[in-house]
Amino acid sequence: MTTRTRSWWGWGNVEDALSAGENEALTARVSAVLPGADLSNHVAPDPRNLPVAASRVALPDALAGLASDDSVDRLAHSHGQAFRDVVRALRGELTDVPDLVVRPGCEADVVAVLEWASDAGVAVLPFGGGSSVVGGVEPRGCGDYPGVVSLDLGHLDLVLEVDDISRAARVQAGVFGPDLEEQLRPTELTLRHFPQSFEFSTVGGWLATRAGGHFASGYTHIDDLTESLRVVTPAGVSESRRLPGSGAGPSSDRLFLGSEGALGVITEAWLRLQARPRWRAAASVSFADYDAGVAATRAIAQSGLFPSNCRLLDPVEAFLNAGGVPATVLVLGFESADHPVEPWMSRALELCRDFGGDAPEGLRYTDAEAGAVGGSPIAAGDTWRSSFLRMPYQRDALAARSMIVETFETACTWSGFEQLRSGVVAAAEDALRQLGLVGVVSCRFSHVYPDGPAPYFGVYAAGTWGKTVQQWDEIKAAVSDALIANGGTITHHHAIGRDHRPWYDQQRPELFAQTLRASKRVLDPARILNPGVLVD
Ligand SMILES: Cc1cc2nc3c(=O)[nH]c(=O)nc-3n(C[C@H](O)[C@H](O)[C@H](O)COP(=O)(O)OP(=O)(O)OC[C@H]3O[C@@H](n4cnc5c(N)ncnc54)[C@H](O)[C@@H]3O)c2cc1C
C-alpha cells in the first residue's frame with residue numbers, strides 16, 4: 001500500500017497533487033483563456049520555519065496526554081480549505097493559531113475538556129477534517145480569550161452499531177468518509193453521502209455544517225440521513241430518540257444540525273443507511289441555448305424522476321471542467337439498488353428533447369451484479385466526474401500561480417433564478433473590472449429541487465501574487481451582497497462560519513437570531529464554543 005502524506009497547507013495528499021504533466025496542461029489551458037497571465041509557481045514554505053507563538057495554556061495533568069503543542073500540528077489546525085486559506089498558508093501568513101490541538105479518545109474526554117475550558121474561559125473550536133471553506137475552524141476573532149484549543153475529533157472514528165432491520169448505524173463523529181464506508185462494507189449498506197470533500201471530511205463536520213452530498217436530488221443532505229444525535233455541551237449531554245419521523249414539537253436535532261460547533265460537540269449519530277446501488281444510467285445532453293437547458297432541468301426537477309445527477313453546466317463551466325467545447329451541457333444520472341433505471345433516463349431524455357436538448361452519445365447503463373454495460377461512452381459526463389475529484393488539487397496548483405480560483409454557492413426559486421444569476425454574474429464581473437483583473441465567471445447546478453436550483457458559481461481570474469486574498473475578499477463581498485439582494489441564500493451547503501456571518505445576519509429573521517442567542521446562553525454559558533460563529 002502506498003503511504004499518503006496529508007498536505008499541511010492545501011487539499012488532500014501530497015502524493016496526489018498535480019503531476020508535472022498535469023500542471024503543464026493546466027497552465028496551457030489557462031494561458032489560452034487568459035493570455036499574458038503571470039503563472040509563475042510559488043512553493044509553500046516549510047512549516048517548521050514559520051513563526052508560531054508559544055502555547056499559552058496547558059491541560060490539567062489528567063488530560064495532558066490528549067494535547068499537542070507541536071507548531072506544525074497547530075498550524076495545520078489554524079485554517080480550513082477555502083482558496084483564502086490555501087493562499088495564506090502558501091504565503092506563510094497564518095496569524096491565528098490555536099494554542100493546543102486536543103484529541104479526545106472517548107466522549108468522557110470531551111466532557112472533561114469542555115468542563116476545564118468553561119472554568120478557564122478557554123475557547124474550544126471543534127475540528128473534524130478541517131475542510132471548512134468558511135473560516136469555521138480558524139480561531140479568527142478569539143483574541144480576547146486567554147487561550148484557544150482546537151478539539152480534533154479524529155480519534156472517535158468507529159461505527160459502533162448497525163441496525164440492519166431499520167437500516168441505520170450508530171457512528172462516532174470523527175470518522176472520515178472512506179473509513180465510514182469501509183466499516184459499513186460487511187453490511188452491504190451505505191450512507192450514500194458523498195460531498196466532494198468526502199475523503200477528507202468527517203461525519204461530525206457533515207452534521208455540524210448540514211453538508212450536501214453530490215447527488216442532485218432525493219436523499220443527498222446529511223439532515224435527511226440523520227435519525228438521532230448525541231451532543232456534548234458545556235451544560236450537559238443531549239441525546240435524541242431514534243425515530244423515523246416525529247411531530248413532537250420543534251426537532252432538537254434541527255437545533256444541532258448546522259450548529260457549526262457553537263452549541264455543542266456532536267459525538268455520535270444514528271444515520272440512515274441504504275442498499276448499495278446496482279443499476280446505473282448516465283447521459284450527457286447539449287443545448288444550443290442556456291435558457292432552454294434551464295427549462296429542461298426544471299422540467300426534470302419537477303417530474304418526480306429524482307435523478308442522482310442533474311448538473312447543468314453553463315458554457316464556461318463545460319469548457320473549463322468537462323473538457324468540452326463551450327456549450328450548455330446537462331450531465332444526467334440515475335441509480336437504484338432495486339430496479340433498472342433506463343426507463344427513468346429515457347423519460348428524462350424525452351423531457352430534454354422537448355427543449356431542443358440533444359444527447360448524441362445516447363444513454364449508457366450498467367448493472368453492477370450482472371457486469372452488464374450498454375450504450376456508448378458518455379464523454380462529457382465521464383470527464384466531468386473525474387475532473388470533479390481533481391478540482392481541489394487543480395485549485396491549489398492555480399492558487400500557487402497567482403490565479404484567483406474560488407467557488408460560491410446558493411439556492412433560489414426557479415422563478416427568481418434568472419434575476420439572481422444575472423445579478424450575481426454582473427456583480428462578479430463588475431468587481432473584477434474595478435480590481436483591474438481579467439477573469440471569467442461560471443455557473444453549474446449542484447442540486448435541483450422542484451421549486452428551485454442550487455446554483456454553484458466559479459470565479460477564475462489572473463490575480464496579483466501577494467494580493468489574491470484581498471482581491472478575492474472584494475469579489476466575495478460583492479457577490480454575497482448580490483446573492484442576498486436577489487433573494488438567494490448566502491449558502492446552500494457550505495455553512496456560515498466566520499466568512500458568511502455578515503450576510504447570514506441579514507438573511508435570518510431577527511427573532512430567530514434572539515432564539516439562537518438564548519440557546520447559546522443555556523448550552524454554553526461561558527461562551528467557549530467556536531466564538532463568533534452563528535452568534536456573538
Ligand atoms: C474541495 C472541497 C469540496 C467540498 N465539497 C463539499 C460538498 O460537496 N458538500 C458540502 O456540503 N461541503 C463541501 N465542502 C465543505 C466542507 O467539506 C464541509 O463543510 C464538511 O461538512 C466539513 O466537514 P469537516 O469534517 O471537514 O469539518 P471541519 O471543517 O473540521 O468543521 C466544519 C465546522 O463544523 C464544526 N465541527 C466539526 N466537527 C464537529 C463536531 N463533531 N461537533 C460539532 N461541531 C463540529 C467545526 O467547528 C466547524 O465549524 C467542501 C470543501 C472543500 C475544501
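Near the ligand (Cβ under 10 Å from one of its atoms), over 30 Å from residue 331 (Cα atoms), touching a residue at least 12 places away in the same chain (Cβ under 8 Å) and part of a loop (DSSP other than H, G, I, E, B): does that describe residue 229?
Details: near the ligand (Cβ under 10 Å from one of its atoms): yes; over 30 Å from residue 331 (Cα atoms): yes; touching a residue at least 12 places away in the same chain (Cβ under 8 Å): yes; part of a loop (DSSP other than H, G, I, E, B): no.
No; evaluated as a whole, the condition is false for this residue.
Number of residues in segment 401-428 that are without any contact (Cβ under 8 Å) to a residue 60 or more places away in the chain and among the aliphatic types (A, V, I, L, M) equals 4. Taking the conditions exactly as written (buried (at least 22 other Cβ atoms within 10 Å of the Cβ) and of a type outside the set (Gly, Ala, Ser)), does residue 285 satisfy them or not? Criteria met by residue 285.
Can you spot a residue in segment 48-63 that is in a helix (DSSP H, G or I), out of contact with any Pro (no Cβ under 9 Å at 6 or more places or on another chain) and within 12 Å of the ligand (Cβ to nearest atom)? No, there is no match, as no residue in segment 48-63 is in a helix (DSSP H, G or I), out of contact with any Pro (no Cβ under 9 Å at 6 or more places or on another chain) and within 12 Å of the ligand (Cβ to nearest atom).
Every residue, every condition in (1) more than 29 Å from residue 304 (Cα to Cα); (2) assigned by TED's automatic domain parsing to the domain that holds residue 409; (3) aromatic (Phe, Trp, Tyr), yes or no:
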| residue | (1), (2), (3) |
| --- | --- |
| 218 | no, no, no |
| 221 | no, no, no |
| 235 | yes, no, no |
| 256 | yes, no, yes |
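For the subset of segment 480-527 comprising residues that are among the β-branched types (Val, Ile, Thr) and buried (at least 22 other Cβ atoms within 10 Å of the Cβ), which member is nearest to residue 233 (Cα to Cα)? For segment 480-527, the residue satisfying everything is 496. One residue stands out in segment 200-248 among those that are crowded, with 21+ Cβ neighbours inside 10 Å and of a type in the set (Gly, Ala, Ser): the one that is farthest from residue 162 (Cα to Cα), namely 216. Tell me, which residue of segment 409-440 that is assigned to a helix (DSSP H, G or I) and of a type in the set (Ser, Thr, Tyr) is nearest to the chain's Cα centre (by Cα)? Looking at residues that are assigned to a helix (DSSP H, G or I) and of a type in the set (Ser, Thr, Tyr), I get 422. Number of residues in segment 97-128 that are near the ligand (Cβ under 9 Å from one of its atoms), farther than 20 Å from residue 56 by Cβ and touching a His at 6+ places or on another chain (Cβ under 7 Å) equals 0.
When you look at residue 5, is it more than 23 Å from residue 467 (Cβ to Cβ), at pLDDT below 95 and hydroxyl-bearing (Ser, Thr, Tyr), yes or no? Walk me through how you get there before you give the answer.
Numbers: more than 23 Å from residue 467 (Cβ to Cβ): yes; at pLDDT below 95: yes; hydroxyl-bearing (Ser, Thr, Tyr): yes.
Yes, satisfied.
Among what's in segment 185-221 and is small (Gly, Ala, Ser) and in a helix (DSSP H, G or I), pick the residue that is nearest to residue 496 (Cα to Cα). Here the answer is 208. The lone criterion from (1) at pLDDT 95 or above; (2) surrounded by fewer than 18 Cβ atoms within 10 Å (Cβ to Cβ) left unmet by residue 272 is number (2).
Among the conditions (1) at positive phi; (2) loosely packed, with under 15 Cβ neighbours inside 10 Å, residue 368 misses just one, which is (1). Looking at 141, 129, 121, just one residue is surrounded by 19 or more Cβ atoms within 10 Å (Cβ to Cβ) and in contact (Cβ under 8 Å) with a residue 12 or more places away in the chain, and that residue is 129. Restricting to segment 108-128, name every residue that is of a type outside the set (Val, Ile, Thr) and assigned to a loop (DSSP other than H, G, I, E, B). The answer is 121, 128.
Taking segment 251-349 and the helices (runs of 4 or more DSSP H) fully enclosed by it, the elements with 1 or more residues that are in contact (Cβ under 8 Å) with a residue 60 or more places away in the chain, in contact with a Gly (Cβ under 6 Å, 6 or more places away or on another chain) and not hydroxyl-bearing (Ser, Thr, Tyr) are at 290-301, 315-321. The set of residues in segment 108-118 that are surrounded by fewer than 22 Cβ atoms within 10 Å (Cβ to Cβ) and either touching a residue at least 24 places away in the same chain (Cβ under 8 Å) or touching a strand residue (DSSP E or B) at 6+ places or on another chain (Cβ under 6 Å) (or both) comprises 109, 111, 112, 115, 116, 118. Assess whether residue 179 counts as being within 22 Å of residue 246 (Cβ to Cβ), among the acidic types (Asp, Glu), out of contact with any helix residue (DSSP H, G or I) (no Cβ under 7 Å at 6 or more places or on another chain) and modelled with pLDDT of 95 or more. So residue 179 fails the test.
Determine whether residue 309 is of a type in the set (S, T, N, Q), farther than 22 Å from residue 373 by Cβ and under 22 Å from the mean Cα position of the chain (by Cα). Spelling it out, it is not the case that residue 309 is of a type in the set (S, T, N, Q), farther than 22 Å from residue 373 by Cβ and under 22 Å from the mean Cα position of the chain (by Cα).
Only one of 423, 439, 463 is modelled with pLDDT under 95 and out of contact with any Lys or Arg (no Cβ under 8 Å at 6 or more places or on another chain). Can you tell me which?
439
The values are calculated or read from the model by the stated rules, or taken from the named source; none is laboratory data. Note that the structure is a prediction, hence the values are computed from the model and not measured. Reconstructed Cβ throughout: ideal geometry from the backbone, glycine too, with neighbour counts over all protein chains shown.
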